[in-house]
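These notes concern the structure reproduced below.
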Amino acid sequence: MHHANHYYGHSHVLARYCGLDDAEPPRIHGYLQHGWNIGDGMAPDHEYVPGIAKFVWSERVRRRAWSLGRREVYVVGAPWAYLLAMEPPADEPREGTIFYPFHGWEGQHIVGDHDGLIREIRDTETGPVTVCLYWQEFRDKRVRMLYERAGFRVISHGYRGGWWKDLDPGFLYRQLAEQRRHSRVASNRLCSAIMYGTLAGCEPAVYGDPMQLEGEKSAFGGQARIVREWGSLHGTSIDAEHARTVATAELGADRLLPPAELRRLFQWPRPQETPDFELTGVITR
């Protein structure tokens, strides 16, 4: 299995949905999109074997991939959408905002004005604020303390995992639990977390210095294209119903597959036991 298929516990969530062992998910025979992006769904820094299946989140991404010459591309929906189908929300009160500052990754660090972003958050949010940092920034005491000294609750959802190490099957579960505690989800860039939070019932917002990665390249149009094409999803107050419609399409929540069809595409075996959940509210094709 390509190591990126394990990112954020994606393979584990899908194995559970398919009625299989989510502690040791079977090999996915192909490449699974692991984050919202404006390209063909695949990370530009990975190498891919021609002819191997690619599993993307949405029809929009599939069309982009096809236009770029990608073949064997299948729409399966985002693991996050499957998790929501398996974990119905409890009737509990929500309060405050969970804010996701744009983050770096293992190969590139972030460059930007955290102090300026903190001022904008303070000027915008009226309730308690939780700042969720990527593990890389969370481990940086200097960055973490900037947000802590501002009076924000500072957390991290955990490790993404990589090269079959530091795998974290509970990542998305923690993210969902945190988002369902909050009324709003916000970031300084439109990103997976905004799409996730919107689908999980938060009011979205995108504002503040978008920051940059060291040596950032504008693949597929970059940040300028995101602001231009998804301009309606930027601002301190966004139409929540419109945002939910966009998030549903981008995460393929309207294209979820039945377990048997997903197993067939992944070349997974049939389950030995009944799944430990009841599917409620799954939107299928």
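Quick notes on this structure:
- Verdict on Phe171 being under 19 Å from the mean Cα position of the chain (by Cα) and open to solvent by 40 Å² or more (accessible area, probe 1.4 Å): no
- Restricted to segment 200-213, and to residues there that are out of contact with any Ser or Thr (no Cβ under 7 Å at 6 or more places or on another chain) and open to solvent by 20 Å² or more (accessible area, probe 1.4 Å), the residue that is nearest to His157 (Cα to Cα) is Gly201.
- Of all the residues in segment 8-33, those that are surrounded by fewer than 23 Cβ atoms within 10 Å (Cβ to Cβ) and closer than 25 Å to Glu229 by Cβ number 0.
- Segment 71-85, residues that are crowded, with 18+ Cβ neighbours inside 10 Å and at negative phi: Val73, Val75, Val76, Ala78, Pro79, Trp80, Ala81, Tyr82, Leu83, Leu84, Ala85
- Filter result (modelled with pLDDT under 95 and either farther than 23 Å from Leu251 by Cα or in a helix (DSSP H, G or I) (or both)) within segment 81-91: Asp91
- Matching option when the condition is outside any loop (DSSP other than H, G, I, E, B), charged (D, E, K, R) and farther than 17 Å from Gly35 by Cα, among Arg71, Arg119, Arg94: Arg119
- Qualifying residue in segment 248-265 (condition: at pLDDT 95 or above and over 24 Å from Val76 (Cβ atoms)): no
Per-residue answers, yes or no, for (1) acidic (Asp, Glu); (2) closer than 30 Å to Arg189 by Cβ; (3) at pLDDT 95 or above:
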residue: Tyr7; (1), (2), (3): no, yes, no
residue: Leu20; (1), (2), (3): no, no, yes
residue: Asp40; (1), (2), (3): yes, yes, no
residue: Tyr48; (1), (2), (3): no, yes, no
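The values are calculated or read from the model by the stated rules, or taken from the named source; none is laboratory data. Since we're looking at a predicted model, the values are computed, not measured. Glycine gets a Cβ as well: all are built from the backbone with ideal geometry, and neighbour counts include every protein chain shown. We work out accessible area using only protein heavy atoms, side chains counted, and drop any ligands, DNA or RNA first. Shrake-Rupley method; radii C 1.70, N 1.55, O 1.52, S 1.80 Å.
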